[in-house]
Amino acid sequence: MKTVSELLASIPTGLFIDGEFVDSESGERFDVLNPATGEVIAQVANASPADGARAMDCAAAAQEKWAATAPRVRAEILRRAFDLMNTTYRDDLAMIMTLEMGKPLPQADGEVTYGAEFFRWFSEEAARIRGDYFRVPEGHIQAIVVRRPIGPCIFITPWNFPLAMATRKAGPAFAAGNVALLKPSEDTPLTALFFAKIMKEAGLPDGVLAVLPTLRSPEVTGPLLQDSRMRKLSFTGSTRVGKALLKECADNVLRTSMELGGNAPFIVFEDADVDLAVQSALMTKMRNMGQACNAADHFFVHEDVYDEFTQKFAAAIGSQTVGDGLESGVDVGPLISERQLNGVAGMVDRAVESGARALTGGARIEGNGFFYQPTLLVDVAPDAEIMTDEIFGPVAPVVKFNDEKELVRMVNEDTVGLGGYFHTKDIGRILRLAEQLEIGMLGVNTGTISNAGAPFGGMKQSGMGREGGKEGIEEYLETVYVGLPAPVFD
Ligand code: NAD
């Protein structure tokens with residue numbers, strides 16, 4: 001494994017345009033911080049609108065040839081990229097994510113597995129794109145349905161899963177024959193640039209991918225969304241920014257995939273295996289320091305098992321080791337930024353002022369970096385802000401319930417519906433809730449559901465479209481219907 005300084009020296013810090021790493025035409029750069037120390041670890045080129053325009057020209061020039069490239073050739077490039085991510089650059093990618101984002105190294109390694117899998121999955125899908133051929137019901141037209149690439153795409157991604165949020169979009173887009181411009185989060189540009197380096201090594205033709213880190217996101221992406229050659233935006237991030245981007249996309253009537261904020265309930269029914277529920281609650285709440293869109297956000301526990309669950313959950317949370325994710329044995333790293341830390345701390349403080357009690361944790365950790373104690377709150381009001389808003393931190397508020405119908409009503413009042421979890425042994429209840437809850441992804445008796453082969457996405461203000469699964473590639477294909485006179489038989 002490389003040392004930190006060897007690794008940092010191996011990461012490109014220019015913009016990736018037309019297969020080369022280049023400076024911004026403005027010459028500007030910006031700092032990338034390690035949230036565990038608050039120190040600057042790199043400076044990367046700051047893309048300007050002119051850089052965005054050049055990347056768009058190069059992408060548009062590459063589109064036709066890439067679309068015409070044999071699916072098997074595209075598939076093999078994706079497969080090579082999977083192998084490079086999964087083996088040669090596995091440790092590098094994991095350490096880069098820990099350095100710029102803070103997640104503990106084993107979790108970063110888990111993200112490499114998850115992120116790389118989208119390239120294996122979609123390398124397999126690339127060779128299986130199919131149209132259709134049928135007679136219309138009246139019998140006079142023979143229909144041919146052609147599937148073809150949608151055209152140039154722009155990806156805007158968040159900081160919490162810097163590799164996987166890029167590969168979940170790039171995998172299906174490239175498999176289907178589209179070119180793409182990636183604008184990563186300003187907090188985590190290094191992973192995206194290293195990903196570009198891997199794609200180049202895997203043989204991706206110049207121009208098919210551009211990576212544009214910038215502190216000037218709206219100025220750079222605005223004109224790209226208005227460009228008449230652009231065909232699609234795939235965005236992962238907050239509901240607030242997603243709504244603003246949807247409005248921008250309206251002018252150009254761009255196709256959109258929106259992977260927005262979540263606020264996942266975690267429900268423990270009276271017949272649950274409580275120890276298993278504690279184990280999966282801990283996993284889905286503390287993973288990524290609670291900064292996952294499908295993290296269990298808040299907890300509803302049936303009154304019959306409430307005392308047992310909260311005691312065991314408090315003990316489990318209290319035993320988490322907090323620290324720099326590069327150190328071994330660390331369970332919970334820093335939050336991404338001081339702003340995020342202040343947001344989480346403020347939410348807990350307001351909940352406690354309104355009567356909630358911290359069974360464990362409840363305060364920030366003073367010193368370098370942006371650390372918050374893993375926290376369990378009880379006596380929380382069901383309509384408290386900490387229940388209704390996405391926390392994005394290692395904080396678990398718990399509410400007691402006693403009636404399934406009332407609980408479903410309460411959960412469905414939420415304006416978002418991305419992930420949800422429940423523990424029960426009742427198969428009838430599992431099937432019932434799968435149809436009743438307004439939530440796109442449900443984990444039943446497990447806290448781990450993300451998988452490249454399964455459709456990821458939410459309902460309501462959690463967005464639209466699905467990533468991964470057999471649905472994923474559909475988002476990147478255009479449909480053309482060709483009608484011919486049906487053959488006549490004498
Ligand atoms: P964010 O919305 O603040 O930023 C996301 C991206 O949008 C970043 O690259 C940012 O630079 C960019 N951006 C912000 N304003 C912009 C603008 N006006 N024009 C163009 N680009 C702009 O979100 P975040 O803080 O990076 O990520 C956290 C959020 O992402 C949470 O709400 C989380 O639930 C959500 N998320 C959702 C999923 C999902 O699959 N549904 C996955 C991960 C994260």
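Any residue at all in region 304-312 that's touching a residue at least 24 places away in the same chain (Cβ under 8 Å), charged (D, E, K, R) and either within 16 Å of the ligand (Cβ to nearest atom) or within 29 Å of THR191 (Cβ to Cβ) (or both)? No; the residues of region 304-312 include none that is touching a residue at least 24 places away in the same chain (Cβ under 8 Å), charged (D, E, K, R) and either within 16 Å of the ligand (Cβ to nearest atom) or within 29 Å of THR191 (Cβ to Cβ) (or both). Among the residues making up region 201-216, those that are within 11 Å of the ligand (Cβ to nearest atom) and of a type in the set (A, V, I, L, M) are LEU212, LEU215. Here ASP251 qualifies as under 28 Å from LYS169 (Cα atoms) and either surrounded by fewer than 18 Cβ atoms within 10 Å (Cβ to Cβ) or among the basic types (Lys, Arg) (or both).
Quick grid of which residues meet (1) over 24 Å from the mean Cα position of the chain (by Cα); (2) farther than 18 Å from ASP206 by Cα:
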| position | (1), (2) |
| --- | --- |
| SER26 | yes, yes |
| PRO49 | yes, yes |
| TRP66 | yes, no |
| LEU78 | no, no |
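Please list, ordered by first then second residue, the pairs with beta carbon atoms under 6 Å, 6 or more apart or interchain, first in region 257-273 and assigned by TED's automatic domain parsing to the domain that holds LEU442 and without any contact (Cβ under 8 Å) to a residue 40 or more places away in the chain, second among the acidic types (Asp, Glu) and surrounded by fewer than 24 Cβ atoms within 10 Å (Cβ to Cβ). Hits for this filter: GLU270/ASP304. For THR214, the conditions (1) more than 30 Å from MET410 (Cβ to Cβ); (2) outside any loop (DSSP other than H, G, I, E, B); (3) in contact with a helix residue (DSSP H, G or I) (Cβ under 7 Å, 6 or more places away or on another chain); (4) not acidic (Asp, Glu) all hold with the exception of (2).
Each residue in region 222-243 was checked for being away from the ligand (no atom under 12 Å from the Cβ) and without any contact (Cβ under 8 Å) to a residue 40 or more places away in the chain, and 2 of them qualify.
Counting the residues of region 440-485 that are on the phi > 0 side of the Ramachandran plot and crowded, with 18+ Cβ neighbours inside 10 Å gives 5. The residues in region 36-60 that are within 24 Å of ILE198 (Cβ to Cβ) and either touching a residue at least 40 places away in the same chain (Cβ under 8 Å) or crowded, with 20+ Cβ neighbours inside 10 Å (or both) can be counted, and the count is 13. I'd like to check something: does region 151-174 contain any residue that is away from the ligand (no atom under 16 Å from the Cβ), part of a loop (DSSP other than H, G, I, E, B), touching a residue at least 60 places away in the same chain (Cβ under 8 Å) and more than 14 Å from MET230 (Cα to Cα)? Within region 151-174, not a single residue is away from the ligand (no atom under 16 Å from the Cβ), part of a loop (DSSP other than H, G, I, E, B), touching a residue at least 60 places away in the same chain (Cβ under 8 Å) and more than 14 Å from MET230 (Cα to Cα). Against the definition (charged (D, E, K, R), more than 16 Å from the chain's Cα centre (by Cα) and either crowded, with 24+ Cβ neighbours inside 10 Å or near the ligand (Cβ under 10 Å from one of its atoms) (or both)), how does GLU219 come out, yes or no? The answer is yes for GLU219.
Tell me yes or no: at least one residue of region 420-435 is within 15 Å of the ligand (Cβ to nearest atom), of a type outside the set (Phe, Trp, Tyr) and under 15 Å from MET258 (Cα atoms). No.
The values are calculated or read from the model by the stated rules, or taken from the named source; none is laboratory data. Because the structure is a prediction, the values reported are computed rather than measured. Because the Cβ atoms are built from the backbone with ideal geometry, glycine has one as well, and the counts that use them run over all protein chains shown.
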